[in-house]
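The values are calculated or read from the model by the stated rules, or taken from the named source; none is laboratory data. A quick note: this is a predicted structure, and the numbers were derived from the prediction, not measured. Please note: Cβ atoms are built from the backbone with ideal geometry, for glycine as well, and neighbour counts cover all protein chains shown.
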Amino acid sequence: MVYTSRRRSSSLENKIAALDIQDEVVIVVLGASGDLAKKKTYPALFGLFKNDLLPPNIRIVGYARTKMSDEDYKTRISSYFKLNDDETKAKAEVFLSKCSYVSGQYDTDDGYIELNNHIRALEAEMKVSRRDRLFYLALPPSVFAEVSIHLRKHVYPGEEGSARVIIEKPFGHDLESSQKLQSQLAPIWQENEVFRIDHYLGKEMVKNILILRFGNMFFSSSWNNKYISNVQISFKEPFGTQGRGGYFDSIGIIRDVMQNHLLQVLSLVAMERPVSFEAEDIRDEKVKLLKAIAPITIDDTILGQYDKSEDNKDPAYIDDPTVPDGSRAVTFAALHLQINNERWEGVPFILRAGKALDEAKVEIRIQFKDVAKGIFQNIPRNELVIRVQPEEAIYLKMNSKYPGLTTRTVITDLDLTYHSRYENLRIPEAYEALILDALKGDHSNFVRDDELDVSWQLFTPLLHQIDEDKSIVPEKYPYGSRGPASMTKFLRDRGFVRDHEGLYQWPVTKGSI
Ligand code: BG6
């Protein structure tokens, strides 16, 4: 599916931001020796390079404190590349020949001066006509400001080219810390130079939401409280914090995946039609929607923490030696959000996320209302499911006549499972899609500053209450289960009707009903 976006050119700033970095660019990965760079940034850059999606005249420079030989650096950054065949191995060689490394401190000038000299030498070799530089801060947010100040002072191309900077969550811990971070960065980078990654916005099915909704009359016309009963956006992971508990403990699942990833998905599912696919038009609508969400109360939540598995083989969260004794950290949460606007009043939106559950799955489940009574006594509801991962799919549960000499109705589906529908399907990794967008200057799939503010405004009171009120104790659920036992009632009370008489389990295999 191809869609075009109209770009605004009302000011020079916007023109620069919209500039496609077509031919030549130097990408600088700060924090090049860290985990994010190794596991996500470099594999994504290589994925793009392998598919000829990076500008032809490119260099990639790593910067970090660790002193490393060129060889060690290249071994490290390529350790997560998938090198399945000779052609890919050969491409990796070429890719690595374009990579180099400079080591230096984050808080003193010398390293950055050296970095700039290194980049200028590369640009001379590349014979660039402009100095277009993309800075990827694969660093903890605590050093974003410090690093930005030095980049701006020594490595910013100014009038000679353009700068873009990619940063990644956590953007603060609550509204106050997020605003503090923003106020530190705002004088250094213009908003249109900043690309705040929420990697869920780079996922194929998340990028499909607006097309599905606004490109199909049958969906856009029924997308409201007259026809939809409830919406669930679920995130399930089958593993616990696994030694990362110390880090996770002060964060919890709400900050980790709900305030950002799931809320982003919700805003795309629920926002009004943007006037165009232009980044600002989309983000304006998302912000409007977020502002219409009512405060989340503790009574509208379920909080859980995983316990040992029923067979005692998998540990409880608190068994993790890095977790403080008696921790109340939330590893599962379900939140009922209400959107106060004409379209959605009365429709529960349920965000739910959990670690150490029974499966790996991220999906959006839109359950329609019952059909009018009369000809049918008890017929299942339609459900539209957008399966984000694994195995991207969209399926619509619907009623149909059972084939043959019978008038019996049967629940079945219209199934668009990507791998069976599209041949030779290659869905790019979220990070690949987002880095490419940043190179193109397209902000549509990145988080704007005011969007960040509204999302923190929404979550901060609840998070502070959970952090401070010691009487709030998460409900235990066994490792590997579906989550806290009270979920079934929570969903039922909010209008969700589960799997009509247990007849339907997706995918419906031939002849199974
Ligand atoms: C990250 C969270 O943002 O998203 C992790 O910090 C989580 O805890 C991850 O596992 C999930 O991302 P994905 O792409 O694997 O669904």
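Highlighted here are the helices (runs of 4 or more DSSP H) found entirely within the range 389-497 that include at least 2 residues which are aromatic (Phe, Trp, Tyr) and within 27 Å of residue 306 (Cβ to Cβ): 449-468. Pairing residues of the range 117-130 that are farther than 17 Å from residue 154 by Cβ with residues that are outside any helix (DSSP H, G or I) and acidic (Asp, Glu), at Cβ distances under 9 Å and at least 6 apart in sequence or on separate chains, gives 126/24; 127/24; 128/23; 128/24; 129/23; 129/24; 130/24. Of all the criteria given as (1) touching a helix residue (DSSP H, G or I) at 6+ places or on another chain (Cβ under 9 Å); (2) in contact (Cβ under 8 Å) with a residue 12 or more places away in the chain; (3) of a type in the set (Asp, Glu); (4) farther than 22 Å from residue 203 by Cα, the one not satisfied by residue 325 is (2). Restricting attention to the range 341-380, the residues being among the aliphatic types (A, V, I, L, M) and in a loop (DSSP other than H, G, I, E, B) number 7. If only residues of the range 380-401 that are without any contact (Cβ under 8 Å) to a residue 60 or more places away in the chain and over 30 Å from the mean Cα position of the chain (by Cα) are counted, the one that is farthest from the ligand (Cβ to nearest atom) is 401.
Out of the residues in the range 59-96 that are in contact with a helix residue (DSSP H, G or I) (Cβ under 9 Å, 6 or more places away or on another chain) and of a type in the set (Gly, Ala, Ser), which is nearest to residue 135 (Cα to Cα)? Result: 62. Residue count for the range 204-263, restricted to those that are aromatic (Phe, Trp, Tyr) and more than 16 Å from the ligand (Cβ to nearest atom): 5. Only one entry in 281, 198 is charged (D, E, K, R) and within 13 Å of the ligand (Cβ to nearest atom), namely 198. Pairing residues of the range 159-180 that are under 13 Å from residue 452 (Cβ atoms) with residues that are more than 15 Å from the ligand (Cβ to nearest atom) and among the β-branched types (Val, Ile, Thr), at Cβ distances under 9 Å and at least 6 apart in sequence or on separate chains, gives 167/194; 174/460; 175/460; 176/460; 178/460.
Residue pairs whose Cβ atoms lie under 6 Å apart, sitting 6 or more positions apart in sequence or on different chains, and linking a residue in the range 354-379 that is on the phi < 0 side of the Ramachandran plot to a partner that is aromatic (Phe, Trp, Tyr) and part of a strand (DSSP E or B), are 354/332; 362/235. May I ask you to verify whether residue 29 is closer than 26 Å to residue 128 by Cβ, in contact with a Phe, Trp or Tyr (Cβ under 8 Å, 6 or more places away or on another chain) and either at pLDDT 95 or above or in a strand (DSSP E or B) (or both)? Spelling it out, residue 29 is indeed closer than 26 Å to residue 128 by Cβ, in contact with a Phe, Trp or Tyr (Cβ under 8 Å, 6 or more places away or on another chain) and either at pLDDT 95 or above or in a strand (DSSP E or B) (or both). Taken as a whole, the range 181-192 holds at least one residue that is in contact with an Asp or Glu (Cβ under 7 Å, 6 or more places away or on another chain) and either within 16 Å of the ligand (Cβ to nearest atom) or in a loop (DSSP other than H, G, I, E, B) (or both). Does residue 339 count as surrounded by 20 or more Cβ atoms within 10 Å (Cβ to Cβ), modelled with pLDDT of 95 or more and closer than 24 Å to residue 361 by Cα? So residue 339 fails the test. So residue 431 passes all but one of these: (1) in contact with a Gly (Cβ under 7 Å, 6 or more places away or on another chain); (2) under 30 Å from residue 281 (Cβ atoms); (3) surrounded by fewer than 21 Cβ atoms within 10 Å (Cβ to Cβ); (4) at pLDDT 95 or above. Which condition number does it fail? With (1) in contact with a Gly (Cβ under 7 Å, 6 or more places away or on another chain); (2) under 30 Å from residue 281 (Cβ atoms); (3) surrounded by fewer than 21 Cβ atoms within 10 Å (Cβ to Cβ); (4) at pLDDT 95 or above applied to residue 431, the lone miss is (3).
Can you find, within the range 83-135, the residue that is nearest to the chain's Cα centre (by Cα) among those that are within 21 Å of residue 436 (Cα to Cα) and among the basic types (Lys, Arg)? Here the residue is 133.
Pairing each residue of the range 257-284 that is assigned by the TED database to the domain that holds residue 460 and over 23 Å from residue 192 (Cα atoms) with any residue that is of a type in the set (Val, Ile, Thr) and assigned to a helix (DSSP H, G or I), provided the two are 6+ apart or on different chains, yields C-beta distances under 7 Å for 269/209. Just one of (1) of a type in the set (Gly, Ala, Ser); (2) in contact with a helix residue (DSSP H, G or I) (Cβ under 6 Å, 6 or more places away or on another chain); (3) away from the ligand (no atom under 16 Å from the Cβ) fails for residue 353. It is (3).
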